[in-house]
1. Identify, from the list 100, 42, the residue that is at pLDDT 90 or above, among the hydrophobic types (A, V, I, L, M, F, W, C), open to solvent by less than 60 Å² (accessible area, probe 1.4 Å) and touching a helix residue (DSSP H, G or I) at 6+ places or on another chain (Cβ under 9 Å).
2. Go through segment 224-236 residue by residue and tally those that are open to solvent by 10 Å² or more (accessible area, probe 1.4 Å) and either touching a residue at least 12 places away in the same chain (Cβ under 8 Å) or in contact with a Pro (Cβ under 7 Å, 6 or more places away or on another chain) (or both).
3. For segment 169-188, indicate whether the set of residues that are modelled with pLDDT of 95 or more, among the hydrophobic types (A, V, I, L, M, F, W, C) and part of a helix (DSSP H, G or I) is non-empty.
4. Are any residues in segment 53-74 within 24 Å of the chain's Cα centre (by Cα) and surrounded by 16 or more Cβ atoms within 10 Å (Cβ to Cβ), and if so, which ones?
5. Grab the helices (runs of 4 or more DSSP H) fully contained in segment 66-153, keeping just those with 2 or more residues being among the charged types (D, E, K, R) and without any contact (Cβ under 8 Å) to a residue 40 or more places away in the chain.
6. Could you please find all residues in segment 170-203 being open to solvent by less than 10 Å² (accessible area, probe 1.4 Å) and closer than 18 Å to residue 230 by Cβ?
7. Return the only residue of 73, 30, 20 being under 30 Å from residue 154 (Cα atoms) and of a type in the set (Phe, Trp, Tyr).
8. If you go through segment 311-330 one residue at a time, do you hit one that is open to solvent by less than 20 Å² (accessible area, probe 1.4 Å), in contact with a strand residue (DSSP E or B) (Cβ under 6 Å, 6 or more places away or on another chain) and over 19 Å from residue 90 (Cα atoms)?
Amino acid sequence: MSYVYITEDGARIQKKGGKFLVGRNLEILFEIPEESLDGLVLIGSVQVSSQAMISLLQLGIPVTWISGTGKFFGRLESTSHVQVFKQQKQVVLQDSPLFLELSRKIVLAKIHNQITILRQYNRRAKSAVVSNDIEFICRIRKDIHKAANKEELMGYEGIIARIYFHALGQLVPEEFAFSKRTRQPPLDPFNTMLSFGYTLLMYDIYTAISNQGLHPYFGFLHALKNHHPALASDLMEEWRPVIVDSMALSLIHHHEITAEHFQRSEEQEGIFLTREGRSLFIKAYEKKLHTSNQYVDGKQSFRKSLETQAQRFGRALMEEDAELYYPVYIR
């Protein structure tokens, strides 16, 4: 089973028999057997026929539309697996002790994973700045247990995030160096990779959440706001450094993505991946998600681990027991 990314501007998806046909003009570019497809991600100007849409809904295959710069447009998905009693609990338990405890566990796991990534890459770099930043993060982490509510907890998380990204900027080649996280739009190549990677990861987790019958927009850590899938953001936190940050570092350290794979957009006043750069990044992202790990319930792919974490959250929610959720701690 696989996720397929269509990046060809002007492409059109049609259904014929048991296959989805991807073509442009009068040419068929490739075929996708329906039994091998888990999800579609359409980037840029891609059309889907009515027949193909109906078939995708019947098969329960979600479709995500994003722009070439990584902006999310929307999704097509079946509602057959919605579980209203789970979603009711997501609303009823807002501001509960259960959700505060889950929030604390997620934040602590994210910080641990950030520190681990910094230490791994600083073994070779031997940067005194990075070492000092790691020490600073560890000191602040000790006070997280004092947070009496989500707002205070996110205050600690925000301070640590700024220090973390400062340290991360010391661990990349000079042409990719940056001092802080920028988004909407990203202002440098490394931030561009982070933003694009987080978008892809967000909607993989969104799919895992939806498959559990949960509502992606009612979370427990991030504040509720319109147009923002808060639960997907919540469950993504522990995975950001594990999947996206480490992958972006690897891509530039191994020269798989270089400065020539980025371009400036005068219209959006930011830096974005070129079409070739996007293809390289997506290929690396899918390779990462297919990689096996042993952090969650034995040996399984990272994509399967995302699904397992969504299942764990569902159990913790329904039994109102934070101990049933085990965040990912990498080594």
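1. 100
2. Of the residues in that region, 1 qualify.
3. No - not one qualifying residue is present in segment 169-188.
4. 56, 57, 61, 62, 63, 64, 65, 66, 68, 69, 70
5. Ranges flagged: 97-125, 128-141.
6. The one that is open to solvent by less than 10 Å² (accessible area, probe 1.4 Å) and closer than 18 Å to residue 230 by Cβ: 201.
7. After applying the criteria, what remains is 73.
8. Scanning segment 311-330, I find no residue that is open to solvent by less than 20 Å² (accessible area, probe 1.4 Å), in contact with a strand residue (DSSP E or B) (Cβ under 6 Å, 6 or more places away or on another chain) and over 19 Å from residue 90 (Cα atoms), so the answer is no.
The values are calculated or read from the model by the stated rules, or taken from the named source; none is laboratory data. Worth saying up front: this structure is predicted, and the values here are computed from it rather than measured. Glycine gets a Cβ as well: all are built from the backbone with ideal geometry, and neighbour counts include every protein chain shown. Ligands, DNA and RNA are excluded from the accessible area calculation, which covers all protein heavy atoms including side chains. Shrake-Rupley method; radii C 1.70, N 1.55, O 1.52, S 1.80 Å.
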